[in-house]
Amino acid sequence: MKLRKWITPIAIALCLSLVTMSASACNTKDGTVNMSMASSFNTWLATYAIREGILTSDQVEVNIKIGSDHDLQMRSGRYPMGVLNTSAFAGVVQNEGLPFVAISTFIVHEGALKREGVNYLLTRAGTSINSPSDLVGKKVGVPDLQGSGTSCFLALLQENYGIGADDFDSLVDFSNTQLMNLLKRGDLDAALIGQNIGVQATLDPALKVIWNIDDAFFAKYGTPCVTSVLVVDHDFHKQNPDKVKAAYELLMRSVAYGEEHINELAPLYAAEFGQGTDADFYKMIYDEHSRCKLGEITGNVYDSIMGLFNFVMARGSIDSIPDPAVVFSRP
């Protein structure tokens, strides 16, 4: 089994050295909040109006940096507010002692119109594998051994089918694109493929879906998987509650703006980041598979996030469950 660590030793040292800085020192001036977020379409769309200066607040100035390294940027201590993968959030508060609190959901695996999700277990169209129960003794690939999707897949596989990772011939991790290519070449018997690539893979006639992991998650918790959360440094939140609330309200307005203008904005994203996919594809992702949805961590959503924490612990990524009284808050 090939294990991939979350972060290199050098990056850990960087994180630890920077975490000692006060998060409030990361702001360029009073009344400003700097945030780090992903560059995926749903986040790009949800933050477009803020980043382009279309929507502003008279209470706070919000600067948002988007990029593929947003988790690492948040873990460096340079940003008092931003987004973390839910599994990564559990790790940073338990293993690294970073004082973040989650104040809202951010990306959920449901679309604005349909609930198709993005995490699919696939195999080649012509194989005899037709169910997760056929995975015993097979070569299986996942996009990240420590990721939320993998944690859900392995936990639900054990719970629903009584199959553990040790029952595979092997379990390896590659990028979603690599997994799709390895699967089509026959180097893997099955693969968990997520994000936009997972949706693309379901449309490929050379492949077939044998399990929708997000459907299985919904069946268990009655709510879509919350794949990332909006977090704030605890001290910054305590010292600047009005500023945090104003930033959150501005984000809410920006999410609504993005949804209202998706027809004109999706082509802009496709032109810059599409790499062969067009605007209609990104609109389909947002409408049917995954979107930005801000909301308080209560009820079924609370249960599902705590369940995901348990999945992460079962994988050995954390030794204990984060205390909800410590790590959850309100905007």
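The values are calculated or read from the model by the stated rules, or taken from the named source; none is laboratory data. For clarity, every value in this text was computed on a predicted model and none was experimentally measured. Don't worry about glycine lacking a Cβ; one is built from the backbone with ideal geometry, like all the others, and counts go over all protein chains shown.
Out of (1) assigned to a loop (DSSP other than H, G, I, E, B); (2) among the polar types (S, T, N, Q); (3) more than 21 Å from Met180 (Cβ to Cβ), what's the single condition that is false for Ser133?
For Ser133, the failing item is (1).
Test each condition in (1) under 25 Å from Tyr161 (Cβ atoms); (2) assigned by TED's automatic domain parsing to the domain that holds Tyr286; (3) hydrophobic (A, V, I, L, M, F, W, C) for Ala125 and report the one that comes out false.
Every condition holds for Ala125 apart from (2).
Can you find a residue that is closer than 23 Å to Ser104 by Cα and touching a Cys at 6+ places or on another chain (Cβ under 8 Å) anywhere in the range 294-304?
yes
In the set Leu135, Leu122, Leu192, which member is under 26 Å from Tyr221 (Cβ atoms), more than 22 Å from the chain's Cα centre (by Cα) and buried (at least 22 other Cβ atoms within 10 Å of the Cβ)?
Criteria check complete, one pass: Leu135.
Can you find a residue in the range 44-51 that is assigned by TED's automatic domain parsing to the domain that holds His261, in a loop (DSSP other than H, G, I, E, B), at pLDDT 85 or above and not hydroxyl-bearing (Ser, Thr, Tyr)?
So far as the range 44-51 goes, no, none of its residues is assigned by TED's automatic domain parsing to the domain that holds His261, in a loop (DSSP other than H, G, I, E, B), at pLDDT 85 or above and not hydroxyl-bearing (Ser, Thr, Tyr).
From the list Asp235, Asp278, Asp287, Asp214, which one is touching a His at 6+ places or on another chain (Cβ under 8 Å) and charged (D, E, K, R)?
Exactly one residue qualifies, and that residue is Asp214.
Out of Val199, Val209, I need the residue that is under 21 Å from the mean Cα position of the chain (by Cα) and touching a residue at least 24 places away in the same chain (Cβ under 8 Å). Which one?
Val199
Thr56 passes all but one of (1) surrounded by 18 or more Cβ atoms within 10 Å (Cβ to Cβ); (2) among the β-branched types (Val, Ile, Thr); (3) modelled with pLDDT of 95 or more; which number fails?
(1)
Does Leu145 qualify as being within 20 Å of Met306 (Cα to Cα), in contact with a Pro (Cβ under 9 Å, 6 or more places away or on another chain) and buried (at least 16 other Cβ atoms within 10 Å of the Cβ)?
No; evaluated as a whole, the condition is false for this residue.
Out of Ala247, Ala266, Ala279, which single residue is over 30 Å from Ser151 (Cα atoms), surrounded by fewer than 20 Cβ atoms within 10 Å (Cβ to Cβ) and not assigned by TED's automatic domain parsing to the domain that holds Gly149?
Ala279
Suppose we filter Asp189, Asp214, Asp144, Asp204 for residues that are modelled with pLDDT under 95 and not hydrophobic (A, V, I, L, M, F, W, C); which single one remains?
Asp144
How do the pairs read when you match residues in the range 149-161 that are farther than 12 Å from Ala219 by Cβ with residues anywhere that are part of a helix (DSSP H, G or I) and small (Gly, Ala, Ser), using Cβ under 7 Å and keeping only pairs 6 or more apart or on different chains?
Taking only residues 6 or more apart or on different chains, the pairs are Ser151/Ser87; Leu154/Ala165; Ala155/Ala314; Tyr161/Ser133.
When you look at Gln94, is it under 18 Å from Arg75 (Cβ atoms) and assigned by TED's automatic domain parsing to the domain that holds Asp173, yes or no?
In short, no.
Of all residues in the range 298-321, which are closer than 19 Å to Thr223 by Cβ and either assigned to a loop (DSSP other than H, G, I, E, B) or among the charged types (D, E, K, R) (or both)?
Thr298, Asp303, Ile321
Can you name the residue in the range 102-119 that is surrounded by fewer than 20 Cβ atoms within 10 Å (Cβ to Cβ) and not small (Gly, Ala, Ser) and is also farthest from Ala219 (Cα to Cα) among such residues?
Leu113
Can you tell me which residues in the range 283-297 are of a type outside the set (Phe, Trp, Tyr) and in a helix (DSSP H, G or I)?
Listed by number, the residues that qualify are Lys283, Met284, Ile285, Asp287, Glu288, His289.
Restricting the search to the range 59-80, which residues are closer than 14 Å to Ser254 by Cβ, touching a residue at least 40 places away in the same chain (Cβ under 8 Å) and surrounded by fewer than 22 Cβ atoms within 10 Å (Cβ to Cβ)?
Matches in the range 59-80: Val60 only.
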